[in-house]
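The block underneath contains the structure these notes are about, expressed in structure tokens.
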4 protein chains.
Amino acid sequence: MTKKIAILGASGYTGAELVRLIATHPDMEIAALAAERKAGLKMADVFPHLRHLDLPDLVRIDEIDFAGIDLCFCALPHKTSQEVIRDLPRDLKIVDLSADFRLRDPAAYEKWYGNAHAAVEMQGEAVYGLTEFYRNDIRAARLVAGTGCNAATGQFALRPLISAGVIGLDDIILDMKCAVSGAGRSLKENLLHAELSEGYNAYAVGGTHRHLGEFDQEFAALAGREVKVQFTPHLIPANRGILATGYVSGDAAQVHETFAKAYADEPFVEVLPFGQTPSTHHVRGSNFVHVGVTGDRIAGRAILIVALDNLTKGSSGQALQNANLMLGLEETAGLMMAPLFP
Amino acid sequence: MTKKIAILGASGYTGAELVRLIATHPDMEIAALAAERKAGLKMADVFPHLRHLDLPDLVRIDEIDFAGIDLCFCALPHKTSQEVIRDLPRDLKIVDLSADFRLRDPAAYEKWYGNAHAAVEMQGEAVYGLTEFYRNDIRAARLVAGTGCNAATGQFALRPLISAGVIGLDDIILDMKCAVSGAGRSLKENLLHAELSEGYNAYAVGGTHRHLGEFDQEFAALAGREVKVQFTPHLIPANRGILATGYVSGDAAQVHETFAKAYADEPFVEVLPFGQTPSTHHVRGSNFVHVGVTGDRIAGRAILIVALDNLTKGSSGQALQNANLMLGLEETAGLMMAPLFP
Amino acid sequence: MTKKIAILGASGYTGAELVRLIATHPDMEIAALAAERKAGLKMADVFPHLRHLDLPDLVRIDEIDFAGIDLCFCALPHKTSQEVIRDLPRDLKIVDLSADFRLRDPAAYEKWYGNAHAAVEMQGEAVYGLTEFYRNDIRAARLVAGTGCNAATGQFALRPLISAGVIGLDDIILDMKCAVSGAGRSLKENLLHAELSEGYNAYAVGGTHRHLGEFDQEFAALAGREVKVQFTPHLIPANRGILATGYVSGDAAQVHETFAKAYADEPFVEVLPFGQTPSTHHVRGSNFVHVGVTGDRIAGRAILIVALDNLTKGSSGQALQNANLMLGLEETAGLMMAPLFP
Amino acid sequence: MTKKIAILGASGYTGAELVRLIATHPDMEIAALAAERKAGLKMADVFPHLRHLDLPDLVRIDEIDFAGIDLCFCALPHKTSQEVIRDLPRDLKIVDLSADFRLRDPAAYEKWYGNAHAAVEMQGEAVYGLTEFYRNDIRAARLVAGTGCNAATGQFALRPLISAGVIGLDDIILDMKCAVSGAGRSLKENLLHAELSEGYNAYAVGGTHRHLGEFDQEFAALAGREVKVQFTPHLIPANRGILATGYVSGDAAQVHETFAKAYADEPFVEVLPFGQTPSTHHVRGSNFVHVGVTGDRIAGRAILIVALDNLTKGSSGQALQNANLMLGLEETAGLMMAPLFP
């Protein structure tokens, strides 16, 4: 039976991406679209690329009758999300795309986000949404917290290696190259075409990026000890994609084997032959993750490169993958479209 | 029953686009992929974005057993295509994406393409592949000639207007803005990123572009007289998309009504409200066509703007739409994916 | 003797472009930089690419002592500019880059800009700043009104032809392709990288763009009668450049000769050999204008293509060229840098 | 007195960049331009952006009379360059932009470039062309070997730190982001706009990039011991710029002080305030280098970020800076143009 879906925050990029994906999903139907400041508009006015779809008009959240909704995606800004979710029906299945329920420890949340959490009691309930590693928990979850897009990319690079104990834990560096849609549809000078195209730069340098909170939480849980990675994101003149270049100590061949084994049955993770490295070109618009490993001329060093689309696998595609599990649908439903190239 | 598909010329952009589309088609299966110079390679070596698919390896055309093939797409270069198609089984359904069978008149072909046609007898057999206007013929066709991508765009802008007699025929101007993938995967200096990005220019100026042959043929047939449009293409630093800006004499409101009526039942053509104009951003990666009309401060002038994706609706998507009809499948099967934005 | 220069509105793109150009000007020195909302900041904070220069800090306009200033550039928004200029010392030489003094007729100004002019008496005094055509007036002027960037491009395409009477006046079409910096450093959704890159669209369609006011004024003066052109601008994913494609009736060879003669002695205007067409790639970052002409397969039709950099020749470079004349300096001083390619 | 300049290899990007820079040089004049395969053409045919300049036509190298030439730039491909330079007059001042004379050790050359050197005796004569660190030697040199563009960037990040002994030498990582013009005007599939724009990837991963030969040579000389850095370049969809992100162990404040002191008097090197990081946007088209330092949340780690334009400071600008010194001209002559932004 077709599942009824609501999307809160439908006027942002992750909201629109959810609509794009659900548009061809065999078992879902969009029943409600909310966007506070754009309530009353048609989706085609806000996102003309969705013009061909027969969608409900945008409404305010309080106009939605959640009684008939099977699952609700929250694509709202951080902080707003926790306040909204706190007040939603307690039996409503929810996939939150914000940062609000990613960190289980209220203190860690407060440290990285700078405010006390408004729904502390739900932080414990939420399941961390990195599907490939929390699949069973997600199936049973009522509230799933989608991961940060950088956080997802870095974890695809490191989780199997930390779990298998094949790399050193004290000298991990993640140098990331991030496309601009990760910053959302926000009006900031550095996101203008004239300011961004044709150049690139680091940002949130020096261990200040909030996604470090997720790395710290997840890697410590895997390793059974504190693991502090260095993580430097860079803003690249492209719209979609994250490329993580990981520098670790370890045997490169063993690293590759570990990946091959860990991801052997994953429908969305492709491990490239040893020595080949992925490109964001080849995952754009899709839910796939490409993982590559090479050695270095310096013995005992391995280089990990992971590419995914921040809006799809890094956010809305991941969210849909989780929703499929929560609703008892095929995990890959609506998500097998090939990347768009060129 | 699943239809078996062969693609000749699978190492070019239109070939890869066909694979992308067919990958999620419910009723088709790729049975053979040919690429003469890359025979022996895996598709993932040539197009890593298709790595997740279970595809046959690339072979030479003469290695294919066409006995089990239901339909063959030819995405070969012009001239090569006619030579190959001439020698394919006579009962094989074929959609040709090249220019070779678009012009019914051998003299017109020779004029625009500079060589005598190698399969003159098949020129008459071929049906012109602009689905929305040749639907019934295509259903019954064995050989369909996909249109030029610019030719398709210009015809979406002009055919209903010429048919309805609502515009002047002697002062039609089509100024087109074309993305670079229309030039294919060819190694030319002006297609390099360093040469193309951050700037733009006209090309094939002055009535020399080959797609004029299609305009001349089709518009004359509609009007019952010679119709010579001015057509100037421009190369724009983007990968997908054609935007046609048409300048015509006529009543803009009447033009808009004519479009609304002509395209009312078309699943892939969206006519925007009067005064709104489309963007290539909003059709990228999809089979949709967006059509807009405005008036001008000069009475009696109308401006037509049409956007489509040259690789999808302008080429491989159109080809698949035609193949669906030829195989008795749902016309829209595999083609309803929403555009990719941003 | 080095001339002391003030720039009002130094925090926008045209202000920064003036600083870039004056930085290597042999006879000018920047004595004051004003930016109301950024007063107190260093220019390097607002435009880090100017970090190496020894520049005065940004101040409010009312903090500037104009006594020692030889010439003042006003790179302020429309409407603000007229209010500021009205109150500047009456003997101060001024080059205004806004639209405020381009239209000599207060009614025309009000029609296109929607508000009554606040300094009507100065509209008559201002000289229109298209250097190549108003050179002598500019030399003697106190107040020069820089042209619109599209207006400049279209006039380079049409003025010599209208003056020489070699084209029809009733069917002129200017289809323009404009880079994004023409929209300034303003925070608008459609100017974001994610919204603009990889796609393109028309805007201000249907004879509504304000630069039409300049075309109307200037072409009527040349022709001695009303000349209404059709002008449709398109927003292209590039940062600098305007390409005008002009469609006119006339003999293409005669058109080319007319250009060759008109621009023979111009240091910044390059007329390409007949049949060649320019690209915005080849004028980027420079004060040069490239002009090309072809015929069409339709006899009696000519296609004009003009390329310039909107921020340089279309705005700040033009302004500096005018300032050179007003200050008795070499017209080309500080302006002969070659375009940046790639 | 004006110096007569020859440029061999004028049809590539570094050749064109030399012409762009010399075009406004007060003391140089281009006397000869050679390009074997394009001999006979005008420079404007090969690089239309140089159309406004009065330049000699392209000739073959053997057509040049070097008697009247004061200095010759060789912008030829690797390997060709050594063969050509070997046969040039022995008293001719030469700045070579290729890799052929960068490595002083013939064995190192052969290791990284895969062929025996054809002018071994001249390898010892050549001075390494990183101006800021070899200034006095360059003044007296006859043959200067321009550095690799990545090699220059990495050395601006590391030389002062290695010399001052303020960082560890065994865990240096250079993650570089490189624009496409560094690959030259070569027809390769991965350099096409359609393949490169909108995505990014690593290349020459694992310690295989040839510029490592320069790092090894130079850092060992500074440190008095072997220093092996990890260096991974990434290809970014932009035309100009290199951004090096360096990860080192050391005290970040001390690192910053070391930079501030080392570069205090350098006309082209700007050290940003501690904690600020540069962008390639802000050096494009210029000879400037921007250097930034931050600490990390992990004590004892510093992050170095260096930006420069690969075609200017990384190649042709550096070459001109060296030529100025060799000819007894002002070091900064012709090189003080501000970056082009946006």
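Where a number appears in this text, it was derived from the coordinates with a stated rule and is not lab data. All figures in this text were calculated on a predicted structure; none of them were measured in a lab. Methodologically, a virtual Cβ is constructed for each residue, glycine included, from the backbone with ideal geometry; neighbour enumeration extends over all protein chains shown.
Below is a table of values for the structure above.
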{"quantity": "Aspartates and glutamates with Cα under 14 Å of D:K42, excluding same-chain neighbours fewer than 8 positions away", "calculated": "D:D54, D:D57"}
{"quantity": "Highest-MSF residue in chain D out of D:I138, D:I242, D:I172 [GNM, Cα springs under 10 Å]", "calculated": "D:I172"}
{"quantity": "Residues listed by number, region C:240-281, amide nitrogen under 12 Å from C:R135 label point at 7 Å toward C-beta", "calculated": "C:262-269"}
{"quantity": "Within straight-line cross-link reach of D:K79, lysines at Cα separation under 24 Å, skipping those fewer than 8 residues along the same chain", "calculated": "D:K38, D:K93, D:K111, D:K188, D:K313"}
{"quantity": "Ranking of B:S11, A:S315, C:S163 by count of other Cβ atoms within 10 Å, fewest first", "calculated": "C:S163, B:S11, A:S315"}
{"quantity": "Estimated dipole of region D:129-225 in Debye, rounded to 20 [Cβ of Lys and Arg +1, of Asp and Glu -1, Cα centre]", "calculated": "440 debye"}
{"quantity": "For D:R159, A:R51, B:R284, order by how many other beta-carbon atoms lie within 10 Å, fewest first", "calculated": "D:R159, A:R51, B:R284"}
{"quantity": "Note, ³J(HN,Hα) from phi for region A:116-131, Karplus 6.51, -1.76, 1.60, rounded to Hz, x at Gly and Pro", "calculated": "5, 7, 8, 9, 3, 5, 8, 4, x, 6, 5, 9, 5, x, 7, 3"}
{"quantity": "Cleavage-rule hits, GluC sites (Glu not before Pro), region C:202-286, DSSP coil, Cβ neighbours within 10 Å at most 11", "calculated": "C:E226"}
{"quantity": "Most mobile listed residue (B:R142, B:R240, B:R225) in chain B, GNM with C-alpha springs under 10 Å", "calculated": "B:R225"}
{"quantity": "For region C:206-215, 3J(HN,Hα) per residue [Karplus equation, 6.51 cos²θ - 1.76 cosθ + 1.60, θ = phi - 60°, Hz, x = Gly/Pro]", "calculated": "x, x, 10, 6, 4, 5, 4, x, 5, 4"}
{"quantity": "Chain A: most fluctuating residue of A:T14, A:T80, A:T153 per GNM, C-alpha cutoff 10 Å", "calculated": "A:T80"}
{"quantity": "Anchor B:K177: aspartates and glutamates whose Cα lies under 13 Å away (excluding residues fewer than 8 positions away in-chain)", "calculated": "B:D309, C:D175, C:E198"}
{"quantity": "Average beta carbon contacts from partner chains per residue of C:214-226, 10 Å cutoff", "calculated": "0"}
{"quantity": "Long-range HN-HN contacts of A:N201 with modeled amide H, under 5 Å", "calculated": "A:L235"}
{"quantity": "For C:V229, A:V283, order by how many other beta-carbon atoms lie within 10 Å, fewest first", "calculated": "C:V229, A:V283"}
{"quantity": "Counted charge near C:A141, where neighbours are those whose Cβ lies closer than 10 Å (Asp, Glu -1; Lys, Arg +1)", "calculated": "+1"}
{"quantity": "Net charge of Cβ neighbours under 14 Å - reference A:P267; Lys, Arg +1; Asp, Glu -1", "calculated": "-4"}
{"quantity": "DSSP-defined beta bridges in the protein assembly as shown - what % are antiparallel, rounded to 5", "calculated": "45 percent"}
{"quantity": "Beta bridges per DSSP with both ends in region B:150-309, % antiparallel, nearest 5", "calculated": "70 percent"}
{"quantity": "Rounded FRET efficiency, nearest 0.05, which uses the C-beta distance separating C:E121 from D:E189 and R0 of 51 Å", "calculated": "0.20"}
{"quantity": "Check: region D:8-126 dipole with +1 on Lys, Arg Cβ and -1 on Asp, Glu Cβ, in debye", "calculated": "420 debye"}
{"quantity": "Whole-number percent relative contact order across region B:150-309, with pairs defined as alpha carbons under 8 Å at least 6 apart", "calculated": "29 percent"}
{"quantity": "Size of electric dipole in the protein assembly as shown: Cβ of Lys, Arg +1 and of Asp, Glu -1, about Cα centre, debye, nearest 20", "calculated": "0 debye"}
{"quantity": "Relative intensity, log₁₀ I(q)/I(0), of region C:1-141 from a Debye sum that treats every alpha carbon as a point, q = 0.18 Å⁻¹", "calculated": "-1.07"}
{"quantity": "Descending Cα extents along the principal axes, region C:150-309, whole Å", "calculated": "44, 31, 31"}
{"quantity": "³J(HN,Hα) computed for each position of region A:231-237 - Karplus, 6.51 cos²θ - 1.76 cosθ + 1.60, integer Hz, glycine/proline x", "calculated": "9, 10, x, 10, 8, 10, x"}
{"quantity": "Cα-based helix-to-principal-axis angle, B:149-164 vs chain B, degrees rounded to 10", "calculated": "50 degrees"}
{"quantity": "Average Cα contact separation per residue, region A:150-227, under 8 Å, 6 or more apart, as relative contact order %", "calculated": "48 percent"}
{"quantity": "Positive-end residue, region D:150-309 charge dipole about Cα centroid, Cβ charges, pick of D:G154, D:A260, D:A183", "calculated": "D:A183"}
{"quantity": "Neighbouring partner chain Cβ atoms per residue of C:294-303, average, 10 Å criterion", "calculated": "5"}
{"quantity": "Chain D - percent relative contact order, Cα under 8 Å, separation 6 or more", "calculated": "17 percent"}
{"quantity": "Nearest-ten-degree value, helix A:252-262 long axis tilted from longest Cα axis of chain A", "calculated": "30 degrees"}
{"quantity": "Using alpha-carbon coordinates, inclination of helix B:317-326 to the longest axis of chain B, degrees", "calculated": "70 degrees"}
{"quantity": "Stokes-Einstein D (µm²/s) once Rh is taken as the Kirkwood radius of the protein assembly as shown over alpha-carbon pairs, at 4 °C in 1.567 mPa s", "calculated": "39 µm²/s"}
{"quantity": "Surrounding net charge for A:G241, when Lys and Arg each add one and Asp and Glu each subtract one, Cβ distance under 11 Å", "calculated": "+2"}
